Amino acid sequence: MPNRLANETSPYLLQHAGNPVDWYPWGDEALERAKTEDKPILLSIGYSACHWCHVMAHESFEDESIAALMNERFVCIKVDREERPDVDGIYMAAVQTLTGSGGWPLTVFLTPDARPYYGGTYFPPEDRGHMPGFTRVLEAMADAYSERKGEVLQATGDITGRLLKMSSPQRSTEPLSDDLFQTAFNSIARGFDWNHGGFGQQPKFPQPLVLDVVLRQWARTGASATLEMVELTLEKMARGGMYDQIGGGFARYSTDAMWLVPHFEKMLYDNALLVSLYTRAFQATQTATKKALYQRVVEETLAFVELEMSHPLGGFYSSYDADSEGVEGKFYVWTPDQIDAVLGESDGPVIRAYYNIEEGGNFEGDSIPWLPRDLDEVASELGMPEEDVLTVVKRSRPKLFAERSKRVPPGLDDKILVSWNAMMLTAFAEAGAAFDRPGWIDRARDNAAFLLDSLFDGDRLLRTWKASPRGKESPDQSKRKESPHSSRGKESPKPGGSAKIPGYLEDYALLGGALVTLYESTFEQRWLDEARRLADGMFDLFWSAEEEVFYDTGSDAPELFTRPRDVFDNAVPCGGSAAANFLLRLSTHTGEPSYRRSAGATLLSVRDYMEKSGSGFGGWLAALDYYLSTPKEMVVIGPADNADTRALLREVHNRYIPNRVIAGAPAPISSTPTPLLEGRVLVNNAPTAYVCENYACQLPVNDPAALAAQLDA
């Protein structure tokens, strides 16, 4: 018989709806029951694509005897960390405080008032090596609360006190300076792997936010070694097994130092941030072969997202699981016989050599396709011209993809999250402008319209949207008000799905920044207007005027035992750094100084952290770089469909200029919605470009070569 999770929309929670555990979703019902019965809470947090979450579910949560023990002695709550980053962030910090480490599945034991007293990650059902069995842990934690409640309450007081101190803003008295950025970069560079790229050894994560800082350092100094750090990493990742050589897109991370064996889950946010990074590296590098590689990765990754992670109404899905048919990576691996069966005796050996598909394999007896050898070495071994090898690869890859598509696919988490969609919106808009691909910009437009139309409840941005089963509308569809943010004048949400959970700081900030990028790719004023509305809403909900920082949850959110404020940039930028980056760019566009002042205040609240540990503050360091710079302001006036206008725009978008804004309009300008457009006119009755700083411009130019000279000066 299904438990209460059967009424949820999260694919992760629905995976546990058939458990014999009497699961509750996070909410008043569960918390009130715990207080009424004076029963401790067992909180389990995970996500749909988490391999070890599935393992613990099969071993423990599907076991009748373990479930009976859980139900008898605890109120059991299951949380999707992607839906509720506030709950996940607080209790992850608690477990890290208790144990020194964290991860998912996250298992936390709470008093009835939801304060943590013990926690860990994965527990096996029985004692295994150094890990205690889950049954033993359950009994010990239940006994602790029932028999030694005073000690438990003392422990929770200590833990919550430490967490409250950690979340309190620590404003630095030291200045924000170029020396600070340099110190942070130096700490990052010390961990670089000059053999395989990336940072550290294994497991190895792509860390696009950190690599963006390295690219910014190159723009600051011109030091060739910094660009080499980025180029080496991007090439090694693109040639590794962490990149899906057959279907495009990146897995979450590599279990080894050389990017060969991935943890096979594919996350929307990783691919979004990596597309943006490869796009910027394309703009920065002057090497034709590297440009071709970066462009191919961007094209293949965005094609994967469009084909496999896109909802017809415009949203992007969250993730693909690592497992299929209960086996990690099974969907992605090959044997030599499988390759030959698809490609035949002629092309099969070429592809096996190219992708290093060998007997015995490189992963549990099978082979993950990757490119450990240079093309000239492979061609020499085969006795073929390099061009002929690439011809075989080009015609074989679609065949392998079609054959792979017949396999049982990994599970898809098809919920749509605002912040993750915003990062992919940015990737499509940024890449569309850089590679002159209008279709990608159209895809970004569709996503922006979908988010603005479907994820507002009145004036409030919501976090997550999920399609209704078989296209049925949400039962409260008719009660929704039309959103003032709607770009199409339709009701919110759109038919076929429903939105829920009040949006967090990261949702507002990342969507706002994405809309600024979309404006810069289209010059359509509505996107900048929507960005400014989001900024105003962000201040209303998340800003503390007294402490001059943003909190992660809105002032309208139900209270937790502490108000979350995560300041670390991990796989994705935290809400605070995303807000700082958004406000700095918006301040330049609008001329509103309060946006810049607020960004500067939030930067001061993490200044000492940046100095001590640059690798955990990539998003903040990007904001610091912008804050310390004099951003270039580029304006192009002329009809969007004019060839001369597009030639000027190509000069703007071809270059890596990290701290810049772009504005434009057709002529004549009937109004000046931003100060960047004030007084900008056609010169010689032809499309015209202006390069400015602090709204003061160099001589306007019509010629792309003259614009290039100004940009490169």
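None of the figures in this text is laboratory data; all of them are computed from the coordinates on show. Treat the numbers as computed from the prediction; the structure is a model and nothing was measured. Note that each Cβ is placed from the backbone with ideal geometry, even for glycine, and that neighbours are counted across all protein chains shown.
Counting alpha carbon pairs within less than 8 Å and at least 6 residues apart, what relative contact order, in whole percent, applies to the stretch 208-340? Relative CO of the stretch 208-340 lands at 21 percent.
Each of W26, W52 was scored by other Cβ atoms within 10 Å of its Cβ. Arranged with the fewest first, they read W52, W26. Sequence-distant contacts, meaning Cα pairs under 8 Å at least 6 residues apart, place the relative contact order of the chain at 11 percent. Positive end of the dipole of the stretch 424-628 (Cβ unit charges, origin at the Cα centre): among W620, P564, P469, the Cα lying farthest that way belongs to P469.
Would you mind working out the magnitude of the charge dipole of the chain relative to its Cα centre, with +1 at each Lys and Arg C-beta and -1 at each Asp and Glu C-beta, to the nearest 20 Debye?
About 1320 debye.
Size descriptors for the stretch 561-670: radius of gyration and Dmax over Cα atoms are 17.3, 59 Å. Take the Cα radius of gyration of the stretch 269-364 and divide it by 2.2 N^0.38 Å, N being the number of residues; the result is 1.37.
Using Cα pairs closer than 8 Å and at least 6 residues apart in sequence, work out the relative contact order for the stretch 332-406, in percent.
On the way: 76 pairs, mean separation 23.9, N = 75.
RCO, the stretch 332-406: 32 percent.
What is the sum of charges around F304, taking Lys and Arg as +1, Asp and Glu as -1, for the other residues whose C-beta is under 9 Å from the C-beta of F304? Surrounding charge for F304 is -3. Ordered from longest to shortest, the equivalent ellipsoid semi-axes for the stretch 4-167 are 22, 18, 17 Å, each the square root of 5 times a Cα gyration tensor eigenvalue. When the convex hull of its Cα atoms is viewed from all sides, the stretch 116-218 shows a mean projected area of 11.1 nm².
Find the all-direction average of the projected area of the Cα convex hull for the stretch 424-628, expressing the result in square nanometres with one decimal place.
Taking a quarter of the hull surface, the average projection is 12.8 nm².
Kirkwood hydrodynamic radius computed over the stretch 332-406 comes to 12.4 Å, based on all pairs of distinct alpha carbons.
Centre-to-centre, using Cα atoms only, the stretch 1-25 and the stretch 443-461 are separated by 28 Å.
Ranking W370, P398, Y355 by how far each Cα lies toward the positive end of the dipole of the stretch 332-406 (charges on Cβ) leaves P398 at the top. In this Cβ point-charge picture (+1 for Lys and Arg, -1 for Asp and Glu), the stretch 424-628 has a dipole of about 660 debye about its Cα centre. Measuring between their Cα centroids, the stretch 236-287 and the stretch 317-362 lie 18 Å from each other.
Within the chain, the percentage of alpha carbon pairs spaced more than 46 angstrom apart rounds to 21%. Helix-only arithmetic for the chain: the sum of -39500 (n - 2.57) across DSSP H runs with n ≥ 4, divided by the residue total, places the mean residue ellipticity at 222 nm at -15500 deg cm²/dmol. Rg and Dmax over the alpha-carbon atoms of the stretch 308-366 stand at 15.6, 44 Å. Charge dipole of the stretch 4-167 (Cα centre as origin; +1 on each Lys and Arg Cβ, -1 on each Asp and Glu Cβ, all else neutral): 500 debye, rounded to the nearest 20. What pairs in K236/K612; K399/K500; K290/K466; K266/K291; K236/K394; K78/K399 have C-alpha atoms more than 31 Å from each other? Over 31 Å Cα-Cα: K399/K500; K290/K466; K78/K399. Hey, how much of the P(r) for the stretch 632-712 falls beyond 14 Å, as a percent of Cα pairs? Counting every Cα pair in the stretch 632-712, those more than 14 Å apart make up 55 percent. Ordered by the count of other Cβ atoms within 10 Å of each Cβ, fewest first, E524, E651, E345, E325 give E345, E325, E524, E651.
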